[in-house]
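Data block below; observations after.
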Amino acid sequence: MLYLIRKNMKKIALPFLLNAVIALNTMAADWKPISITSHVTNVQPMTGLVLWPDEAEDRYATYGQSHALEYSYVAPCKVVTGCKDDGTIQYDWGYLENLLNDIKSRGHQAVLRFFYEYPGEKMVDGNVGTTGVPAYIKAMEGYKETSKKVKGDGFTYYADWSNDELKRFTKQFYADFAQKYETDPRIAFVEVGFGHWSEYHIYDENGVNIVFDGNFPSKAYQKEFFLHLSKVMANIPWAISIDAADDEYTPFADDKDLRKLEFGLFDDSFMHEGHEKKSKDGYNEECWEIMGENRWKTGVCGGEISYYSDSDQEKFTNPKGMYGYTWEDQAKKYHITFMLANNNPSGKNSYNNATRFKECSMATGYHFVVTKCLSDGSQTKITVENSGVAPLYRDAYFAIGSIRSAESLRGLLPGESIDVIIDAALECDNRGRALSNPVIVSDYILDTQVIEYDCDIELTEIQEIGQSNREEDGQRYNLLGKRVSGDYRGCVIVDGKKLLNK
C-alpha cells in the first residue's frame, strides 16, 4: 500500500513540477523595456595612443584626457636586491612602485616592458649599454657578458645565457612579478621578449655574432620560458614582438604548441613605408600573419609607430593617411588596442593636437553599445554589442549598485553581442526611463576611470501609445511589470499595449 502511495505521489509530483517550471519561466520571460541614454565621450581604459611618462607629465594640461596609457621600460636589476641560499629572490619594488604611482597620478595605466639589453642607454647605472641583469648574477663566478658596438644601435652589453642562474631567475622573476601585480589596476599590459629592447632585434648583419646559450637564449629555453609565462602570467595580458616570427632565432614559426598560447603581439615599426605586403617590403605584415592572424581574439595587439622616417610619428595621425593608409584603417585591420606615439604631439602639422590624438585613441580597442535594456521587476537584462576593433582583455561587468552580472564583457569580439543579466531591478520613472544607468565595473581599472557605453533606447517596442483614464481598460502594470491602480500616472501596460495615463 505504501509503495502505491509513493508511486501515485510521483505521478502527481512530476506534472506539478513541470507546470511550476513553465510558470516560473513564463514569469521570468515577462520583460519590460527600459529607456536609457548614455554616450562614450572619453578614451576608454586600457586602450589608445600611448606616451612616455615624461612626455605625459609635460603635456598633461593639454593631452591628459587624450590618452589613457603610459609606457615604460623596466630593468629587472632595479627591483632585485639579491638571492637567498634557497633560491628565493629578494626584491625592493620601490622603483616600480614609484613609477606606477606617478603614472596613476595622471589617471593613466602603465604598459611595461622588462629588458636586459638596451643599446647605447645609460638608464641602468649611468654607463652606456649596461644590461638589466641583477647584480647578484653578474657577481657569480663564471658569469661573463660580451659587448659590441652595434651598427645602427650603439654600444651594447649582452646577458650571458650560458649561465643557469640567469635562466632560472628569468622564469622566477616573472612568476614573482605576476604574483604581486596580477590584480593591480595600475598595470594594463606587459611586453616581453629577448634581444635588443626585448624586441628580438639582434641580427648578425648588424655585426653581432649571435650565439645560442651565449649572447642569446637557445630556442629550447625560449620555448620553456614562454610555456612557463603562459601559466604564471595567465591573468596579465602580455605580448611579444612580431619579430619572434623569425625562424632563424626563435621557435615560434615552427612550433604549433607555442602559437596556441594566448599571448598578444607588439609591432615596433607600425605603419612604416614598407609595412604592408603591397609595398616593396611587407616584412611586418608577414610577421603578423606568421604569428597568427586571429591572435587578436585572445591576445592584445599594439606596439609603436615607426621611427624609420623622422616624420612617421608626426604624420600618422593625418586624416588623409600616410603611405596610402589612414590610422583608423590600420588600427581596424590589425585590431590595435594600444600604440606608442610619443613624438606625435611635438609635430607641427594641423593634426598634431590633443583633439586629433584623442580621436585616434578612440579608434582603438573595444567600444560597447547597449542595444536593449529590459526588466522583469527583479532582474535586468542588457544586450550589449562591441562596435570597436578589438575585444576587452580583462574582466568587466555590468552592475546595478553592488550587484554585478554573472557574464563578463571580456573577449566580446567586434560585431558580436551578448545578453547579460543582473539580479537587480533597474529603477525607472513613470515614463519608463532609468533613474540611474547601469554601469560597467572592473577590478582592473583605476578608481578614477570609467568604462563607458553608447546607448539611446526609447520605448518603441510596445504596440502603441495613447491616453487612458478608464478602469474598464483592464488591469494596469507599470513598466517593471508591477500592478498599479487606476489613478497611477505615467506609462502603463494594458493588454500588451503601452498607454500614457495623464
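Quick grid of which residues meet (1) crowded, with 20+ Cβ neighbours inside 10 Å; (2) closer than 15 Å to Ala110 by Cβ:
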site: Glu57; (1), (2): no, yes
site: Tyr60; (1), (2): no, no
site: Ser66; (1), (2): yes, no
site: Glu70; (1), (2): yes, yes
site: Thr81; (1), (2): no, no
site: Gly87; (1), (2): no, no
**Index of the failed condition, Ala234 passing every other in (1) loosely packed, with under 15 Cβ neighbours inside 10 Å; (2) at positive phi** = (2)
**Message:** If a residue must be over 21 Å from the mean Cα position of the chain (by Cα) and in a loop (DSSP other than H, G, I, E, B), how many such residues does region 225-248 contain?
**Reply:** 3
**Fill in**
In region 352-384, anything in the same structural domain as Thr317 (by TED's automatic domain parsing), in contact with a helix residue (DSSP H, G or I) (Cβ under 7 Å, 6 or more places away or on another chain) and surrounded by fewer than 18 Cβ atoms within 10 Å (Cβ to Cβ) is listed as Ala354
**Request:** Could you please let me know if Glu141 is closer than 14 Å to Ala75 by Cα, outside any strand (DSSP E or B) and of a type outside the set (A, V, I, L, M)?
**Result:** no
**Prompt:** If you scan region 391-418, which residues turn out to be over 22 Å from Thr183 (Cβ atoms) and either touching a Pro at 6+ places or on another chain (Cβ under 6 Å) or in contact (Cβ under 8 Å) with a residue 40 or more places away in the chain (or both)?
**Reply:** Ile400, Leu413, Pro414, Ser417
**Fill in**
Residue set Thr380, Thr326, Thr337, Thr364; condition of a type in the set (S, T, N, Q), at pLDDT 95 or above and in contact with a Leu (Cβ under 6 Å, 6 or more places away or on another chain); output residue Thr380
**Request:** Considering only region 320-334, state which residues are farther than 23 Å from Pro414 by Cα and either surrounded by fewer than 20 Cβ atoms within 10 Å (Cβ to Cβ) or without any contact (Cβ under 8 Å) to a residue 12 or more places away in the chain (or both).
**Result:** Lys320, Gly321, Tyr323, Gly324
**Request:** Kindly provide the set of residues from region 305-348 that are β-branched (Val, Ile, Thr) and in a loop (DSSP other than H, G, I, E, B), ordered by number.
**Result:** Thr317, Thr326, Ile336, Thr337
**Message:** Please determine whether any residue of region 379-390 is under 26 Å from Gly282 (Cα atoms) and touching a Lys or Arg at 6+ places or on another chain (Cβ under 8 Å).
**Reply:** yes
**Request:** Could you please give the count of residues in region 429-461 that are farther than 18 Å from His367 by Cβ and not polar (S, T, N, Q)?
**Result:** 12
**Complete:** The one condition Leu96 fails out of (1) surrounded by fewer than 14 Cβ atoms within 10 Å (Cβ to Cβ); (2) at pLDDT 95 or above is (1)
**Item:** Of the criteria (1) crowded, with 22+ Cβ neighbours inside 10 Å; (2) within 19 Å of the chain's Cα centre (by Cα), which one Gln313 fails
**Value:** (2)
**Prompt:** Does region 186-196 include one or more residues that are closer than 23 Å to Tyr283 by Cα and among the basic types (Lys, Arg)?
**Reply:** no
**Prompt:** Among the residues of region 42-49, is there at least one that is among the small types (Gly, Ala, Ser), out of contact with any Cys (no Cβ under 7 Å at 6 or more places or on another chain) and surrounded by fewer than 18 Cβ atoms within 10 Å (Cβ to Cβ)?
**Reply:** no
**Subset of region 129-169 [under 18 Å from Thr81 (Cα atoms) and either in contact with a His (Cβ under 9 Å, 6 or more places away or on another chain) or modelled with pLDDT under 95 (or both)]** = none
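The values are calculated or read from the model by the stated rules, or taken from the named source; none is laboratory data. Because the structure is a prediction, the values reported are computed rather than measured. Please note: Cβ atoms are built from the backbone with ideal geometry, for glycine as well, and neighbour counts cover all protein chains shown.
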